[in-house]
Amino acid sequence: MTFRATVLTLYPEMFPGPLGHSLAGRALAEGVWSCEAVNIRGFATDRHRTVDGTPAGGGAGMVLRADVLAAALDTVAAAQPVLAMTPRGLPLTQARVRQIAAGPGVTILCGRFEGFDERLFEARAIEEVSIGDYILSGGEMSALVLLDACVRLLPGVMGTASSGDDESFETGLLEYPHYTRPVTWEGRTIPEVLRSGDHAKVAAWRHARAEADTRLRRPDLWERHEGARVPSPSGARHEKDETQ
Ligand code: SAH
C-alpha cells in the first residue's frame, strides 16, 4: 500500500525537492509513497487570487486566510492525519513520526508570512506541529523534514531492516558513537573494545556510552528515560518547590 503525502503550499514546485533523491527518491519512484503538492492559491475566490490578509489588531506581515485554506483542505481527497506546520505546535518526536508512518499517509499545510488565521484550527481537525524552537521562513522545509522522517520508516525503504532500532531517540537515549577505517587517524585509535570481536563486550560498551552521552548532552532526555525506568517514589521535589 502506498503511503500518500498531500502537501498544501504556496510553493508546490518545492516538492518532492530533496526527497526526489537518495532513499526517499527511490521509494517514490517505486511507489512506496506518493507526494502530491497542491497550490493553495488555486482556492482563492477573488480576481487577484488573494490568500492572505493583514493581521487583525495591527502589526507586521500577513496572515493566511482560514476560508481559502479550509476550501483547499475540503476539496483535496486527503489522507489523515492533517498537520499544520507552525512553531506554535507540539514539537515533533520520533514516536509521533512512527505513528504517522504506520498510517495511510499524511496531509500537511505549509504556512508562510506570519502564519495561519487561528479560526482554521478551531473549525477543522488539524494537528499543529513544530520541528523545533527556531523560526523558518515557511512550512515547506518543515514538511520535507517530517516526510523524510516518515518515509525512511516505510517498509523496504531502509537498506538493513534492523538499522532503525538503535537510532537516537528510538530507545529514549542518544545513540552511541560510531567509528570506521582507518583504525588510527591523526594519532587517534578506535576504542579497543570495538576491535575485540567480543559482541557482548561491544554491546555493553555501546549501552554505557549511550547512557553517559545522553546524561551529559541531553539532561532532558536522560531525566525522562530515568523517570520511565524508576517510578518516582513521591512528590518530594514538588513539595520542596512549593516552600521556596
Ligand atoms: N509568526 C509565526 C512564525 C511564522 S514563520 C510565529 O512567530 O509563530 C512562517 C511559517 O513557517 C509558519 O507558518 C510555519 O508554517 C513555518 N515554520 C516556521 N518555523 C517553523 C517551525 N519551527 N516548525 C514548523 N514550521 C515552521
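The values are calculated or read from the model by the stated rules, or taken from the named source; none is laboratory data. Quick caveat: nothing in here was measured; it's all calculated off a predicted structure. Cβ coordinates were reconstructed from backbone atoms using ideal geometry, including for glycine residues, and neighbour counts include every protein chain displayed. Protein only, heavy atoms only, side chains kept; ligands, DNA and RNA dropped before computing areas. Shrake-Rupley method; radii C 1.70, N 1.55, O 1.52, S 1.80 Å.
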> Tell me, how many Å apart are the Cα centres for segment 166-218 and for segment 1-61?
Replying inline: 40 Å
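Evaluate E = 1/(1 + (r/R0)^6) for Thr50 and Glu175, where r is the Cβ-Cβ distance and R0 equals 45 Å; express this FRET efficiency to the nearest 0.05. All intermediate terms of the calculation are to be shown ahead of the outcome.
On the way: r = 48 Å, r/R0 = 1.06.
Given R0 = 45 Å and the Cβ-Cβ separation, E is 0.40.
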> Taking θ as phi - 60°, what are the ³J(HN,Hα) couplings along segment 206-214 by the Karplus curve (6.51, -1.76, 1.60), each to the nearest whole Hz, with x for Gly and Pro?
Replying inline: 5, 5, 5, 5, 4, 5, 5, 5, 5
>> With θ taken as phi - 60° and the coefficients 6.51, -1.76 and 1.60, list the Karplus ³J(HN,Hα) couplings across segment 142-158 in order, rounded to whole Hz; mark glycine and proline as x.
In response: 5, 5, 5, 4, 4, 5, 4, 4, 6, 4, 5, 8, 5, x, x, 7, 7
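How many percent of the accessible area of the chain is carbon or sulfur, using a 1.4 Å probe? Please report the intermediate quantities before stating the final value.
Numbers: 7960 of 14870 Å².
Using a 1.4 Å probe with all protein chains present, the chain comes out at 54 percent carbon and sulfur.
Can you compute the helix-only [θ] at 222 nm over the chain? Use -39500 (n - 2.57) per DSSP H run of at least 4 residues, normalise by all residues, nearest 500 deg cm²/dmol. Walk me through the numbers on the way to the answer.
Working: 8 runs with 82 residues, N = 244.
Only helices count here, giving -10000 deg cm²/dmol.
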> Got a sec to turn the phi values of segment 7-14 into Karplus ³J(HN,Hα) couplings, 6.51 cos²θ - 1.76 cosθ + 1.60 with θ = phi - 60°, whole Hz, x for Gly and Pro?
Replying inline: 10, 9, 8, 7, 10, x, 5, 7
> Given springs between every Cα pair under 10 Å in a Gaussian network model of the chain, which of Gly57, Gly25, Gly42 has the largest fluctuation?
Replying inline: Gly57
> Taking amide H positions as placed 1.01 Å from N in the peptide plane, with prolines and chain starts having none, which residues 5 or more places from Thr6, or on another chain, fall under 5 Å of its amide H?
Replying inline: Glu36, Ala79, Val106, Thr107, Ile108
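State in Å² the accessible area per residue of the chain; use a 1.4 Å probe, count heavy atoms of protein chains only, and round to the nearest integer.
Accessible area per residue, the chain: 61 Å².
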> Of all DSSP beta bridges in the chain, what percent run antiparallel (nearest 5)?
Replying inline: 15 percent
